[in-house]
Amino acid sequence: MKKQFNPERSRGAKPKVAFFDFTDCEGCQLQFANMGQALLEVAGLVDIVNFREIMSEEGQDYEIAFIEGSITTDKDVTRVKKIREKANVLVALGACATIGGVNGIKNRAPLELAKERVYGKKSDTINTINTMPVHKVVKVDYFIHGCPAYIPEIITVIKCLLMGRPYVLPNYAVCTECKMNENVCRYEKDQECLGPVTRAGCNSWCVNNGNRCYGCRGLVDNPAADGQKDILLKYGLKLEEILQHFTLYNDSMGEKYDQAFK
Amino acid sequence: MKYASIKKEDLNIWLEYLSGRARLYAPRKKENLFVFRPVKDISEIALKYIPTILPPKKYYFPQKEKLFKFKIRPFKTAKAIKEFEDFILFAVHTCDIAGIQCLDVIFRESPEDPNYLNRKEKMIIIGIECLEYCDKHANCTSMGNHVPRGGYDLMLVDIGEKFILHINSEKGEKLIRGLTYIKEANDADMLSLERVREAKKKIFKEELNGSLAKIYETFDRHFASPIWQDVGRRCVACGNCTSVCPTCYCFDTSDEMKLSLNEGMRYRIWNSCQMEDYAKVAGGEDFRKGRDSRQRHRYYRKFKYPVDKFNRYFCTGCGRCTRTCMAEISLIETVNSLLAAESGTPERPSASGVAERGEAK
């Protein structure tokens with residue numbers, strides 16, 4: 001049995017935190033570094049021992065591990081398993097880590113073809129496996145969705161893990177937050193949006209700023225596939241286009257998504 | 001003085017005066033829709049508007065409301081936050097005033113809700129009567145809310161060159177007292193008001209194909225109707241219909257800690273019966289599995305349950321739930337389908353039946 005993370009410890013010695021990136025753009029770690037004033041407060045509560053973007057030391061003694069990026073090679077699998085063995089708490093940070101993210105596009109083609117497209121003649125020297133979110137390989141204690149992760153949510157999760165409490169992910173659509181922000185619905189303007197089936201928690205960040213929802217937080221537990229398809233079809237989208245929208249971030253989420261949307 | 005009048009050219013002078021008396025909120029355009037906003041520029045106020053995206057509910061029952069501060073060590077909680085400033089809601093439609101009356105019933109029921117009442121105490125409502133339909137989605141006539149039925153401090157009615165002001169409270173009277181440009185309504189004004197109301201009778205017709213009593217009975221008998229499955233199949237459970245409803249009041253509370261992890265704030269946040277986890281309890285049991293039973297619940301919360309409990313329908317007829325639904329679930333269509341099923345004519349009334357009234361813009 002793995003020893004549980006003890007929140008009482010944070011009142012004495014500060015828990016050691018390490019960041020590790022896998023297949024990703026490191027943008028979510030950058031979000032963490034961009035936290036502003038709150039970063040100073042967080043630094044007072046935890047001891048950051050490994051974070052490539054903000055420091056040069058690489059401590060290997062840690063209790064909390066933030067994993068960024070998706071798992072795409074055999075080496076990744078071994079590495080993340082090792083981190084899991086060492087860490088008491090494991091956090092998946094950002095869309096690549098939580099749902100596979102954009103990297104999942106690789107899964108649309110057979111692996112050999114994907115390799116050849118990217119590496120050409122050198123493809124046989126490359127090891128690659130189907131893109132997986134972190135929880136397909138090891139147990140994840142906290143999920144911070146989003147591409148990139150939303151800073152207020154990162155802070156909320158940090159508080160939860162320091163208090164030793166679970167972070168309950170919203171299981172309702174982005175629309176709920178979007179409506180509370182009193183945005184004019186994109187469907188009202190004949191523009192498509194994945195808000196109705198995408199998990200909330202971002203405070204409708206993109207739509208607030210005039211963009212559409214791309215579904216980067218993954219879908220709600222029980223997305224209304226039929227209803228959503230009807231809506232998109234009504235707004236003139238073809239089924240293939242709809243599928244592309246759904247799979248931009250969620251392609252590596254597997255069967256549940258395939259059944260609902262393919 | 002019960003009725004007063006103000007010339008249209010003097011309205012802006014009065015609005016300037018009002019904005020000096022209290023914080024003024026009024027509808028203004030946002031892209032192709034409307035929203036209530038603090039008034040910065042009086043010329044932006046829209047007197048003719050289709051119901052705003054969110055009802056004015058957001059000012060007396062905010063989306064995310066601070067309830068009180070607390071501290072863990074030493075343990076301490078504060079009383080409900082009640083420092084609110086006076087505010088005026090200007091140009092509120094009669095449907096939305098009905099919404100305020102409904103929430104009054106809810107939050108005044110014992111135990112009274114201090115946060116709501118503290119805000120409500122500071123609120124002044126100046127209504128405006130609609131003289132034509134906002135659009136085809138409204139069912140205000142069937143709900144009896146197309147005409148003023150109290151619940152406001154002042155009510156504006158456009159009679160051509162002037163507005164008639166119905167003075168319905170002392171708070172309202174104070175806002176016009178001593179102003180030379182607001183006069184007691186004369187006989188000619190009152191005659192014009194009567195004419196306006198007569199003309200309205202030709203425009204506003206009951207939108208639902210049955211009386212409220214009949215609708216209540218129908219709901220009583222059609223809990224298992226296949227109509228709910230049809231509605232549920234189209235629903236994506238986005239929760240738009242409940243967010244925009246002036247009488248939906250479900251909320252959740254959440255404690256948010258500061259990074260000190262010793263102090264925090266308790267918030268009250270809007271919740272919705274359309275959400276997947278809403279009726280789930282410990283152990284994973286779900287009392288309203290499926291979007292069909294959740295949609296049905298929403299309708300019953302408007303046309304059946306509050307009638308049993310408070311003798312009041314909780315649909316105001318504003319039409320927002322239909323207007324905001326991207327799956328085009330229409331309240332008028334659903335209720336009329338139930339009424340048709342009740343009277344044994346199973347065919348669904350077409351959307352064109354609704355559109356016949358035309359769209360008054």
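The values are calculated or read from the model by the stated rules, or taken from the named source; none is laboratory data. Small disclaimer: the values here were computed from a predicted structure and weren't measured. Note: ideal-geometry Cβ built from the backbone for every residue, glycine included; neighbour counts use all protein chains shown. Just so you know, the surface numbers come from the protein's heavy atoms only, side chains and all, with ligands and any DNA or RNA stripped out. Shrake-Rupley method; radii C 1.70, N 1.55, O 1.52, S 1.80 Å.
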Residue selected from the stretch B:112-158 under the condition among the acidic types (Asp, Glu) and in a loop (DSSP other than H, G, I, E, B), by the criterion farthest from B:Leu47 (Cα to Cα): B:Glu112
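Okay, residues lined up against (1) under 11 Å from the mean Cα position of the chain (by Cα); (2) surrounded by 14 or more Cβ atoms within 10 Å (Cβ to Cβ):
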residue: A:Glu112; (1), (2): no, no
residue: A:Arg117; (1), (2): no, no
residue: A:Lys121; (1), (2): no, no
residue: A:Met132; (1), (2): no, yes
residue: A:His135; (1), (2): yes, yes
residue: A:Lys139; (1), (2): no, no
residue: A:Ile144; (1), (2): yes, yes
residue: A:Tyr150; (1), (2): yes, yes
residue: A:Ile158; (1), (2): no, yes
Identity of the residue in the stretch B:129-184, open to solvent by 40 Å² or more (accessible area, probe 1.4 Å) and of a type in the set (Ser, Thr, Tyr), that ends up nearest to B:Asp96 (Cα to Cα): B:Tyr181
Matching residues, the stretch B:269-311, being open to solvent by 30 Å² or more (accessible area, probe 1.4 Å), without any contact (Cβ under 8 Å) to a residue 40 or more places away in the chain and within 14 Å of chain A (Cβ to nearest Cβ): B:Asn271, B:Glu276, B:Asp277, B:Tyr278, B:Lys280, B:Ala282, B:Gly284, B:Arg288, B:Lys289
Whichever residue in the stretch A:160-174 is at the interface with chain B (Cβ under 9 Å from one of its Cβ atoms) and buried (at least 20 other Cβ atoms within 10 Å of the Cβ) and, among such residues, is nearest to A:Gly227 (Cα to Cα): A:Ala173
Residue identified as β-branched (Val, Ile, Thr), over 17 Å from A:Asn171 (Cβ atoms), away from chain A (no Cβ under 13 Å) and under 17 Å from the mean Cα position of the chain (by Cα) among B:Thr324, B:Thr316: B:Thr316
Filter pass, B:Ser260 being within 14 Å of chain A (Cβ to nearest Cβ), surrounded by fewer than 16 Cβ atoms within 10 Å (Cβ to Cβ) and assigned to a loop (DSSP other than H, G, I, E, B): yes
Residue in the stretch B:80-96 that is buried (at least 21 other Cβ atoms within 10 Å of the Cβ) and either part of a loop (DSSP other than H, G, I, E, B) or of a type in the set (Phe, Trp, Tyr) (or both) present: yes
B:Ile50 vs. criteria touching a residue at least 40 places away in the same chain (Cβ under 8 Å) and within 14 Å of chain A (Cβ to nearest Cβ): yes
Residues of the stretch B:160-207 that turn out to be part of a strand (DSSP E or B) and not β-branched (Val, Ile, Thr), as a count: 6
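One line per residue, one yes/no per condition, for (1) in the same structural domain as A:Thr98 (by TED's automatic domain parsing); (2) more than 30 Å from B:Gly264 (Cα to Cα); (3) outside any helix (DSSP H, G or I):
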{"position": "A:Ile129", "(1), (2), (3)": "yes, yes, yes"}
{"position": "A:His135", "(1), (2), (3)": "yes, yes, no"}
{"position": "A:Phe143", "(1), (2), (3)": "yes, no, yes"}
{"position": "A:Ile158", "(1), (2), (3)": "yes, no, no"}
Of all residues in the stretch A:82-110 being polar (S, T, N, Q) and open to solvent by 30 Å² or more (accessible area, probe 1.4 Å), the one that is farthest from the chain's Cα centre (by Cα): A:Asn107
Tally of residues being within 8 Å of chain B (Cβ to nearest Cβ), buried (at least 18 other Cβ atoms within 10 Å of the Cβ) and in contact with a strand residue (DSSP E or B) (Cβ under 7 Å, 6 or more places away or on another chain) across the stretch A:175-199: 5
Qualifying position, being β-branched (Val, Ile, Thr) and part of a helix (DSSP H, G or I), among B:Thr322, B:Thr247, B:Thr253: B:Thr322
Those residues of the stretch B:226-257 which are β-branched (Val, Ile, Thr) and within 10 Å of chain A (Cβ to nearest Cβ), in sequence order: B:Val236, B:Thr242, B:Val244
Residues of the stretch A:206-259 that turn out to be at pLDDT 75 or above, assigned to a helix (DSSP H, G or I) and of a type in the set (A, V, I, L, M), as a count: 6
Hey, B:Arg73 assigned to a strand (DSSP E or B) and either out of contact with any helix residue (DSSP H, G or I) (no Cβ under 6 Å at 6 or more places or on another chain) or among the hydroxyl-bearing types (Ser, Thr, Tyr) (or both) or not: no
